[in-house]
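The values are calculated or read from the model by the stated rules, or taken from the named source; none is laboratory data. None of these values were measured; they are calculated from a predicted model. Positions of Cβ are backbone-derived with ideal geometry, glycine not excepted, and every protein chain shown enters the neighbour counts.
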Amino acid sequence: MTGRTPLTADQLDRLRLIRTTHVGPVAYRQLLLRFGTASAALEALPGLATKGGSRRFQLADARTIERETAHVAALGARYCFLSEPDYPPLLAQADAAPPVLVVRGDLDLASRRCVAIVGARNASAAACRFARELAHDLAGMGMSIVSGLARGIDTAAHVGAGARATVAVIGCGIDVVFPPENAELQERIASEGLLLTELSPGAEPLARHFPARNRIIAWMTLGTVVVEAAPRSGSLLTARLAGEEGRDVMAVPGFPADPRAQGCNGLIRDGATLVQNAQEVIEALGAGEISTVRAPESRYAGAPPADLAETERTRVVGLMSMSPVAVDELIRQSGLPPALVQTALLELEIAGRLQRHAGGRVSLA
C-alpha cells in the first residue's frame, strides 16, 4: 500500500499505464505479462494501437499523473496496487481485478470475511429495516459489510453495520460525494471504515462507471445478498458477477405482486440461496475462508504473448461483431493458438476497437 510515501518510478508507470485510454484491467495484465515492466509496456503501446487499426493514440500525460498523485495525497487518500500484500485478497483473484485502487480508511476490513448486501434504491421501508438489521447482525459476527453507498438498501446496509465494519465501493472519484444526501455517511466511512474506488479523483458518478463498481463489490466478497430488486436492477448484475466468480449468491424473498421483489424471487427460482436472517447467511457461506475461494479457471488468461501475421489478425476480426462472444469460442473457431488470439484482441483493445464484457466475452466496439 502506498500512503504518504511518494510513489516509486515503477508505480508511477503502472498508474500512467492504467490511466491510458483503452487500457483496461485485462489489457494491463497482459501488457505486463508480455513486456515485463510498465515502462516497457508504455513504450510499446503506440505500436500495438497501430497494429490494431488506430490512427490516433495518446498515452496518459505524465504531468497529469503527477497532479493526480499530489491531489490524492492532499485528500488523505492513498493508492493500493494489485501487486501489494494488502490489496483485497478476494478481489485479487479475479482475472479483471482493478490494477490500482484509491482508498481512504482501514484496508484490513477488506481482508476479513466480507459479504455484500445490495438492493433497490427505491426500496420499501420494510426492506431497508431488514437490510439494517441483517448488516448489524452480520457485523456482530465479525464480518465486513460491503455495499455501494447508493440510496435505499446500500445505505441501510452501511448504517446497520456501523462505519467501523463497513466497506463502501463508489462509482466516482474518492473526492466526489454521491448521492449528496450521503455526504456525512461517506465521510464517516472514510474516517472509520473503508472507502474505495478504482476511478481517478474528480471522476463523476456516470452510469457507465457503476457496472465496474458492481464488479468490485461482487469480487471482493465471499457472497452477495440481494434485498429487494426489480427485474433489471443493477443488483442482479452484482449477483450474476458473484456467481460467475464462484461466490455465493443469496436473496431475500418478497411478495410476488411487488415489482421490487421480482428480481430476488427470480434469483431464488434460478438457484440462489433463500435467506431470511444473518444465521442463514452464515450457513450459506459455510466455513470457507478467503484463501480457499478461487475463481473458475480460465483457459486463456495465462496465454503467453506472441506476434501474429496480418492474415491471422484479419481472421480473428472476421469472427467478431457487435454481439459479445466468448474468447474461448474465438480460439475454437479461428483454429489459432490461444496466444495469437489474445495478441489480436489486445491490439484491438488498445486501438479502441474492442469492448470486454463479463464472463470472458468480447465484442467489436
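Here is a yes/no grid of residues against (1) of a type in the set (Gly, Ala, Ser); (2) surrounded by 19 or more Cβ atoms within 10 Å (Cβ to Cβ); (3) over 28 Å from Leu75 (Cα atoms):
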{"position": "Thr5", "(1), (2), (3)": "no, no, no"}
{"position": "Ala9", "(1), (2), (3)": "yes, no, no"}
{"position": "Arg14", "(1), (2), (3)": "no, yes, no"}
{"position": "Thr20", "(1), (2), (3)": "no, yes, no"}
{"position": "Arg29", "(1), (2), (3)": "no, no, yes"}
{"position": "Leu32", "(1), (2), (3)": "no, no, yes"}
{"position": "Phe35", "(1), (2), (3)": "no, no, yes"}
{"position": "Ala41", "(1), (2), (3)": "yes, yes, yes"}
{"position": "Arg56", "(1), (2), (3)": "no, no, yes"}
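Number of residues in the range 249-293 that are modelled with pLDDT of 95 or more, surrounded by fewer than 19 Cβ atoms within 10 Å (Cβ to Cβ) and among the small types (Gly, Ala, Ser): the value is 3. For the residues Ile189, Ile153, Ile170, the requirement of being without any contact (Cβ under 8 Å) to a residue 60 or more places away in the chain and either surrounded by fewer than 24 Cβ atoms within 10 Å (Cβ to Cβ) or touching a helix residue (DSSP H, G or I) at 6+ places or on another chain (Cβ under 8 Å) (or both) singles out Ile170.
Scan the range 151-169 and tell me whether some residue there is touching a Pro at 6+ places or on another chain (Cβ under 7 Å) and more than 16 Å from Ser235 (Cβ to Cβ). No, there is no match, as no residue in the range 151-169 is touching a Pro at 6+ places or on another chain (Cβ under 7 Å) and more than 16 Å from Ser235 (Cβ to Cβ). Selection of helices (runs of 4 or more DSSP H) fully inside the range 1-95 by the criterion of at least 1 residues being closer than 25 Å to Arg356 by Cα and not aliphatic (A, V, I, L, M) returns 9-19, 25-35, 38-51, 89-92. Residues in the range 111-135 that are part of a helix (DSSP H, G or I), of a type outside the set (Gly, Ala, Ser) and surrounded by fewer than 19 Cβ atoms within 10 Å (Cβ to Cβ): Arg129, Glu133. Checking the stated criteria, Arg63 turns out not to satisfy the condition of being basic (Lys, Arg), touching a Ser or Thr at 6+ places or on another chain (Cβ under 8 Å) and either surrounded by fewer than 19 Cβ atoms within 10 Å (Cβ to Cβ) or free of Cβ contacts under 8 Å to residues at least 60 places away in the same chain (or both).
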